[in-house]
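The values are calculated or read from the model by the stated rules, or taken from the named source; none is laboratory data. For clarity, every value in this text was computed on a predicted model and none was experimentally measured. For neighbour counting, all protein chains shown are included, and Cβ atoms are generated from backbone atoms with ideal geometry for every residue, glycine included. Heads up: the accessible areas ignore ligands, DNA and RNA and are worked out on the full protein's heavy atoms, side chains in. Shrake-Rupley method; radii C 1.70, N 1.55, O 1.52, S 1.80 Å.
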Amino acid sequence: MKSFLFTVCVFLIGADIIYASNDSTAVNPWKLGWIGTLNGSQATYRNWSQGGVNTVAVTGGTRFTAKYAQDRFVLDHSTSLKYGRARLNGNVGRKTDDEVRIRNQASRQFDNPHYSLITQLNFDTQFYEGYDRAYANIISKFMAPAYITETVGFAYTPEKNLQFNAGLSLKQTIVADTLLSPRYGLKDGTNFRNEGGVSLGFRISRQVMTNVSYSGSADTFTNLLRPVSSTVVKMNNDLVGKINNYLTTNIQFAVIFDDNVTKKLQVKQVLSVGFSYTTL
């Protein structure tokens, strides 16, 4: 199965890139985008009767997108990087956000442009060490864990910026530090697991009102050798409000269910206001 999916992916991407590059009539097939953000907060208290804790927090992020479209071939790429830390009352700084997220999709449209054959290659990890709530034990590191997913399937795009997809997938879980392997469902002393299964996905982006935009995604992975109740589910939601050309406010809400890690629902919510710069 692995060899078959890999061969199909290489064939589809390679054949379509060659086809597109030989068409000299295409005009501006590339669309690039980049945005950088820097958010921070600081609070200092001295003899304040109502109390309070001195706080410094900084979060930085960047997102790069590239889209190549020519005839029936479309190649989409996005890289999202985030990292944030906070220091409370002069104590050791703690991580508040950490993300390395790379998405690639190549698609070939059918005669009906709403339907297409797709291949995807996705990668997820984090930059820095993460600790438990007591700040006593390390529970994550760079490449511990990391997830790579390859998918071959079909997509339905009823309108611009809205897509549903489904396909056969391979998923690799990497835990570079074997001391953390059991935490992410790997056997003691091992740092790699390969799974085959079925994936479903959903993508949407909308301008919900003037200067306010929303983007969301949902992805599932069902291992064919495990019960459906063990399906991994990941949902991401971002609401961005533009104050002016350089200031924005952002609300992130993410949910993960992965019983390889915990049977409890994982939830992340971040509210930030700060500087943003867009180019390309």
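Identify all residues within the range 184-204 that are out of contact with any helix residue (DSSP H, G or I) (no Cβ under 9 Å at 6 or more places or on another chain) and either crowded, with 17+ Cβ neighbours inside 10 Å or modelled with pLDDT of 95 or more (or both); write none if there are none.
Tyr184, Phe192, Glu195, Gly197, Val198, Ser199, Leu200, Gly201, Phe202, Arg203, Ile204
So if I check each of Ser213, Ser229, which one is outside any loop (DSSP other than H, G, I, E, B), exposed (fewer than 13 other Cβ atoms within 10 Å of the Cβ) and on the phi < 0 side of the Ramachandran plot? Break it down stepwise before answering.
Numbers: Ser213 fails: exposed (fewer than 13 other Cβ atoms within 10 Å of the Cβ).
Step by step, each of Ser213, Ser229 is checked, and only Ser229 is outside any loop (DSSP other than H, G, I, E, B), exposed (fewer than 13 other Cβ atoms within 10 Å of the Cβ) and on the phi < 0 side of the Ramachandran plot.
Name the residues in the range 72-89 that are part of a loop (DSSP other than H, G, I, E, B) and at pLDDT 90 or above, would you? It would help to see each step written out before you state the result.
From the range 72-89, those part of a loop (DSSP other than H, G, I, E, B) are 72, 89; that's our starting set.
Residue satisfying the conditions is Arg72 alone.
Does the range 154-163 include one or more residues that are open to solvent by 20 Å² or more (accessible area, probe 1.4 Å), modelled with pLDDT of 95 or more and of a type in the set (Ser, Thr, Tyr)?
Yes: the range 154-163 contains one or more residues that are open to solvent by 20 Å² or more (accessible area, probe 1.4 Å), modelled with pLDDT of 95 or more and of a type in the set (Ser, Thr, Tyr).
Would you confirm, using the coordinates I've provided, whether Phe164 is closer than 25 Å to Gly196 by Cβ, aromatic (Phe, Trp, Tyr) and touching a residue at least 24 places away in the same chain (Cβ under 8 Å)?
Details: closer than 25 Å to Gly196 by Cβ: yes; aromatic (Phe, Trp, Tyr): yes; touching a residue at least 24 places away in the same chain (Cβ under 8 Å): yes.
So Phe164 fits the description; yes.
Given Tyr128, Tyr147, which one is touching a residue at least 24 places away in the same chain (Cβ under 8 Å), surrounded by fewer than 16 Cβ atoms within 10 Å (Cβ to Cβ), closer than 30 Å to Ala57 by Cα and not acidic (Asp, Glu)?
Details: Tyr147 fails: surrounded by fewer than 16 Cβ atoms within 10 Å (Cβ to Cβ).
One residue alone meets the criteria, Tyr128.
Identify all residues within the range 46-66 that are open to solvent by 40 Å² or more (accessible area, probe 1.4 Å), out of contact with any Phe, Trp or Tyr (no Cβ under 9 Å at 6 or more places or on another chain) and small (Gly, Ala, Ser); write none if there are none.
Scanning the range 46-66 gives a single hit, Ser49.
So which of Val267, Val255 is free of Cβ contacts under 8 Å to residues at least 24 places away in the same chain, open to solvent by less than 30 Å² (accessible area, probe 1.4 Å), closer than 21 Å to Arg183 by Cβ and touching a strand residue (DSSP E or B) at 6+ places or on another chain (Cβ under 6 Å)? Lay out the reasoning, then the answer.
On the way: Val267 fails: open to solvent by less than 30 Å² (accessible area, probe 1.4 Å).
One residue alone meets the criteria, Val255.
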